[in-house]
Every structure is written in C-alpha cells, then in structure tokens.
1. Out of the range A:266-295, which residues are among the aliphatic types (A, V, I, L, M) and either part of a loop (DSSP other than H, G, I, E, B) or in contact with a Lys or Arg (Cβ under 6 Å, 6 or more places away or on another chain) (or both)?
2. Looking at B:GLY67, B:GLY62, B:GLY87, B:GLY53, can you tell me which residue is touching a His at 6+ places or on another chain (Cβ under 8 Å), crowded, with 20+ Cβ neighbours inside 10 Å, of a type in the set (Gly, Ala, Ser) and within 9 Å of chain A (Cβ to nearest Cβ)?
3. Go through the range B:7-23 residue by residue and tally those that are of a type outside the set (A, V, I, L, M), touching a residue at least 12 places away in the same chain (Cβ under 8 Å) and more than 30 Å from B:ARG225 (Cα to Cα).
4. Can you tell me which condition B:GLY304 does not meet? The list is (1) outside any helix (DSSP H, G or I); (2) in contact with a strand residue (DSSP E or B) (Cβ under 7 Å, 6 or more places away or on another chain); (3) not basic (Lys, Arg), and all the others hold.
5. Among the numbered criteria (1) in a helix (DSSP H, G or I); (2) within 7 Å of chain A (Cβ to nearest Cβ), which single criterion is violated by B:ASP35?
6. Among the residues of the range A:10-24, write down those that are away from chain B (no Cβ under 14 Å) and either in contact with a Lys or Arg (Cβ under 9 Å, 6 or more places away or on another chain) or surrounded by fewer than 16 Cβ atoms within 10 Å (Cβ to Cβ) (or both).
7. Take B:GLU80 and tell me if it is outside any loop (DSSP other than H, G, I, E, B), under 25 Å from A:GLY337 (Cα atoms) and in the same structural domain as B:HIS381 (by TED's automatic domain parsing).
8. Could you check, for the range B:93-103, whether at least one of its residues is surrounded by fewer than 23 Cβ atoms within 10 Å (Cβ to Cβ) and more than 12 Å from every other protein chain (Cβ to nearest Cβ)?
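The values are calculated or read from the model by the stated rules, or taken from the named source; none is laboratory data. Remember, predicted model here, so these are calculated numbers, not experimental data. Don't worry about glycine lacking a Cβ; one is built from the backbone with ideal geometry, like all the others, and counts go over all protein chains shown.
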Number of protein chains: 2
Amino acid sequence: MRDVAIVGIGLSRWGEVWDASLRTLWTEAALAALDDAGIDRVDAITVGSMAPGLFVGQEHLGGLLAGELGMAGVPATRVESACASGGVSLRTAFAEIASGLADIVLATGVEKMTDVSGDECTAALAAAADAELEVFPGATFPALYAMMARAHMARWGTTREQLAMVAVKNHRHGSLNPHAQFRQQITVKDVLSSAKVADPLNILDCSPITDGAAAVVLADMATARTLAHGRPIIRIAGVGQASDHMALQSRSDMTTLPATTAAAQRAFAMAGKTPADVHVAEVHDCFTIAEIIVLEALGLCPAGEGGRQAESGRTALGGALPVNPSGGLKSKGHPVGATGVAQAVEIANQLRGAAGKRQVPAARVGLTQNMGGTGASTVVHILEVVS
Amino acid sequence: MRDVAIVGIGLSRWGEVWDASLRTLWTEAALAALDDAGIDRVDAITVGSMAPGLFVGQEHLGGLLAGELGMAGVPATRVESACASGGVSLRTAFAEIASGLADIVLATGVEKMTDVSGDECTAALAAAADAELEVFPGATFPALYAMMARAHMARWGTTREQLAMVAVKNHRHGSLNPHAQFRQQITVKDVLSSAKVADPLNILDCSPITDGAAAVVLADMATARTLAHGRPIIRIAGVGQASDHMALQSRSDMTTLPATTAAAQRAFAMAGKTPADVHVAEVHDCFTIAEIIVLEALGLCPAGEGGRQAESGRTALGGALPVNPSGGLKSKGHPVGATGVAQAVEIANQLRGAAGKRQVPAARVGLTQNMGGTGASTVVHILEVVS
C-alpha cells in the first residue's frame, strides 16, 4: 500500500452564507486547497455531501463540481455517510492513491443547509436516522442524543454541568478561530439557561446549521515531497471506518459507540500507535454528549470518565490533550458533509504549527473522528508529521 | 496494485415491486451474491444509490444496510454519481481491494423508485441534471436526450427507424432474460406508434422506472482462487472513470460523449486491450439514442455508425458484437443506482458461460459502460476470464 500525505488544505466561508450557492462555496474551498498545494491539476475528486438533493435539489455533485472547477474530465465521485460523509470522502481519496489509481486527489466536503426552512432542514437531517424505526415514530436527532445523554448520566453519574462544560470549552476555542461560525465565549450558566431542545439538551448543547465546504489535497509520498515547499509533510498514518446498527433501539447499549471504537482500533493498528501517542484531536461534537462518549470510545479516556475531561481542563487548549481546538462542530459550525474534511484541515494546520492563537505546542500526531447519525458510521484518521 | 476478481453475483426482483422496501430488495441481492460466492463475511460494503432521500426519505444507506444484513460493524459507504452510482460503487470497491484496505468487498447498487408519484420521480431524476442551468428552465431527461438525438440525426443521418431498432433488439434480448422487467418483444412499428415523450423520442425509446438491487462480491486474486468452486475466475482487468460538463449547453458538441471516451481509453489501457478484443458489452441505453452514441464513444464502432449497429444485426445476439444481451436498461429495467452493478452481473454470467438462452458463445472479454445524467459521469469496466 502506497503512503499518502496531505499537501494542501482549504476552507470556504462558514456560517449562514446567503450570497453563495453550494457550488460557489465548494469552489472557494477547492481553489483554496489547490492554491495551498501550489498545483492546478488533480487525478480525481471526491465530494462528501449528505443530502444535497433534499437541501438544494441537486444530486450528481461529482460531475457538476468537476466542471465548475474547470476540471471537466477528471473522475469525480460523491460519497455519503450522513454526517460522516466528509470522513468517508477522505478515506475514499486515500484508497485511490494507496491503490495506485491516482497520484493526486482533491478530497472535499460540502453542505448548503440554509436554503430550506428549519422544518425542511430537520427533515433532511432525519434522513440520517432509520426512517422506519426512528423517523416515522417521531424521533429527531436532538431527541436521540438526549436519550444517550440520559443513559450516560444514569450509568456513570455524568452531570448536566459536565455536558455544558464541553460547549463552554469549544466556544472558547472557537473564539480563537477566525473561521468559526460562533466566536462568542459562553458560560455554564448560559448553557443551562438556554432554550430546552430535548431534555437534558438545551440549544447551546447543539451544533448549529451551517453552510460551508472544506478541501484537502492528498498525494502519494513521492509527489508530496515535491510539493512540500519547506513545510512539514503530513502523512495519513492510519485510517479506520466501521458501522453499527442504524437505530438506537437495535443496539445493546446507548452509552457506548462501538463503531467509533472499531474504527479507532483499525486506525491505531495501521499507524502503529496508541491513544497515548495523540497530541491533538478533532472529534464529532454534534451535541455535547457526543464529545463525552466519543472520547471514551476512542480510548482517549477511560469508560465513564468522558464527563470529567472538559471539567478538569484536560481537553482544553493548554491541557494535556486538547480536543476540538478549532471550536468543534459546536462553535466552528457543522455543514454536515464538510465536517470530516474540515477536521483534517484543522489537524493539518496544527501539525504544520500554523494554527495561530489556538496552536497546540509541539503537536506531531493528531486524530480526527467523524460520525454519521447516532454513530452508525464512523471514520477515524491518524495524521503525523514525517519531516 | 493488487488484482481484483468477481467471485459472487446476485440480483433482487426487478420491476414494480410493491411488496418490498429498499432495504428488502437490497438484502435479496446481497444475500444472493454472498450465497453465490459461498461466504458469509466481507471486509467492506459499497452501496450505489442515486437519490434514496428523494425517493424514500432515507440517506445513510451504508450504516443502515450493513445492519440489515447482520453485518453491523463492517465499513459501509454509499456512493453516488446519478445513474452511474452502481458503476462507481464497483470502482470504489475495486480500489478498496487494490489498495490492500480490504480483501473481500460486497459492491452493491439499489434504487426504490415506485414509492413516489410520477411527477416526484421525474423531479428526483432531474436532480442528476444541472439544477440552475437545466432543471429550473424546464428541461427533463427525455428532453435532453431528445436534443442529442436530433443533433445526431442532423449530423450523421441517423434515422428515426434506427433509434427504434435499438429498442426492438433490446426487447428481443430481454425476452430471453427471466429477470427482465419487460419480456415482450416489440416491433419498429410499435416504437414509432407509441406515445410521444419528447420529439423524436417515444415512450418505447425510454427505459422504465424500476425497483431493484444488484450485488457482486469482489476479492483479491488469492482469495478469489479459494472461492472459485471450479468456476472460471473473472478478473476486473481495467477500470476507467471520467466526468464532463454537467449541462448539455456547456459542451462543445451534443453528438459525442467525451467522458465515455476518456473512461474507455483508461480502462482499455489498464487492461492492455482494444475495442476489437471485446466479445460482449452491457452499455447504458437509458434512451435508444444513448446506446447509439455510446457505441461510438467507446470505439466499438466508427463515429456516425452507431445508428447502423442494431440495424445491421451486428449488436444483436448472434451478431459479431452482442450489446446488452440482458435486455439493457430498456427491457431489463433501470433502477438507477443498481444498473451499473447489474451490468457486471450480466457480463460475469456471460463469461461464466451461464447466461442460458442469451449466452454469447465463447465470450472471454466483456465490457460494461454506466453513465450519469447526459454523460457528465461515466464508468467503464473491462472483465476477462483468467482461468
């Protein structure tokens, strides 16, 4: 298997972007990544996007966006695993290069979510859950994660305040990120007094609706060395993906995320590393409870200790293991198909030492974890500096 | 790059299947392919599907279907390139094995199209065209292909009767296929007197709306040899994919399909073969004009000669180069996400010598061509018997 490295990164504007369409946002990110890599051609394109058909009436993004970028002809494929679509885009691009089918691949993600009403948006996102077992009976994603939160609180004594502390930490991180959708700092009291969404989750426990795109350029190692421009080369040392039963009711336990654990184990084994080797991580905090359970599932803390991670300061910038220095989905925003790619953009920035005020000192190994639904799909990547 | 072979094939029921849901149809095809391969585990799953969000309100098919099959845990990814989603599913699975990320992959495609009204179905399919440049102004797919037909007739003298002869040939083939949606033979007169859809195309020039799923099991060559059970091993000798401008108006010529030509050139180069080596082909005859232009684009006949292929009998069973022995999209049916995989099922059956009444004698090299929209995505595979 050929080694694969990240040689370019780019983001579009993120937020409620009223003056740009899906294709405009995507092209912003793609051009930024190509410019960063210093190239103007690629062998293939992958596009992670969850539900462009439901959000903007457009499927077939591969062909559309290759043409939009002036690259008609280049093989271009959309991949989808709900909110893990970006992570899957990265992994699909990795396999293209690892197999030898391509030397340089533009791996991207995009979602344009604000062109529909709130109800239509909720309905589109619900398509990531089991329509027959969850959606028709009336469950929404906040409701499903609220049940996971209640179960975790009952089993491990996780507190309402600990949930809030995840949001407080990620907003603090996001306040240092010029790219974040929400840059205001918040307090535990703010979270606890914000509007109830699905008990025990309040609106400030939830990631927002976001328009945005992200792109990374991947290359085989020989090509990567010619494109380094004096910057560190960032190798994708491990990739792991796994699935789980779609419906929460089909699982034996609501307080764990077996797909995240399996994906992490595969990625760590491939990289020849353990959780103790990780210096910085971007994980899928779609709701505050998600970050807590994900840290346990990844092996970055013991089972049941997830609630204490933000509380103790361990996962804050300046702590032993900063998690979501970008602000995470909570503060940076969550254009669902773009998120998994944007996580890699942040980790690449950290490993380059180019993360500005939110730089984790001496970070040489980073992890991304991106998941779909309530965890029925998870993709984990381990990145490391090799020069 | 590791060699990859097909070791199992399966189809669900095809047609207007009122008593089965998307997940039921998919599971029928998946179980048939696993049974054919004689295995009960795989390392990964790919699912080609164009618009399950618009057709049945369900995205995130990877996680959903892995669980449905009793394989929760296995990495499972949906891929989409409109009507080329099945071909892209096959190519993505190929890269998984070629790279070494997996040894055995279940490559599938599915679409459940009859659970919505005709208007909703047309709108869902239109999401494969350029929403801003084609759909909002009012174009539908029959209209777009009708313009391509008119242009081809004007440039090359292709006749209305030659279009009809493609449908007549494919219905004759389909009458020999127990799996085809339409098994009745038709005449040129039937086609010419059928209802007008978009001049010059009548309803019998158009592929139907179909529910269905298809699956193939791919494996690395060493594993494939252990699963041969005395049957010929069928290697995927070449894969090619390419894109084109999405909107017909953005292309320089409406009578050619450059993405198909580029994908074919890549696949032939990788396989070390030429069009003259092909014994049997399954191509994307979503409309009669499509088969005509595709044959030219693939290099299976000279430019401008596509209209004469069915007329002369060359592409019929018994001719020098049988095309769409399964009945093609026209007669076998076209569940859009499944079609690209089903083409590989037919070619595998032909290369095994197991195609019954529609067997092409001594077929050892076959080709599949699957395309999305009016050709903005194309995937070509070349299969050959290696033992």
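1. A:VAL278, A:VAL283
2. That would be B:GLY67, the only listed residue that is touching a His at 6+ places or on another chain (Cβ under 8 Å), crowded, with 20+ Cβ neighbours inside 10 Å, of a type in the set (Gly, Ala, Ser) and within 9 Å of chain A (Cβ to nearest Cβ).
3. Total satisfying the criteria: 6.
4. Every listed condition holds for B:GLY304 apart from (2).
5. B:ASP35 satisfies all of (1) in a helix (DSSP H, G or I); (2) within 7 Å of chain A (Cβ to nearest Cβ) except (2).
6. Once the filter is applied, which keeps residues that are away from chain B (no Cβ under 14 Å) and either in contact with a Lys or Arg (Cβ under 9 Å, 6 or more places away or on another chain) or surrounded by fewer than 16 Cβ atoms within 10 Å (Cβ to Cβ) (or both), the range A:10-24 yields A:TRP14, A:GLU16, A:VAL17, A:TRP18, A:ASP19.
7. Considered against the rule, which asks whether it is outside any loop (DSSP other than H, G, I, E, B), under 25 Å from A:GLY337 (Cα atoms) and in the same structural domain as B:HIS381 (by TED's automatic domain parsing), B:GLU80 comes out as no.
8. Yes, the range B:93-103 has at least one match.
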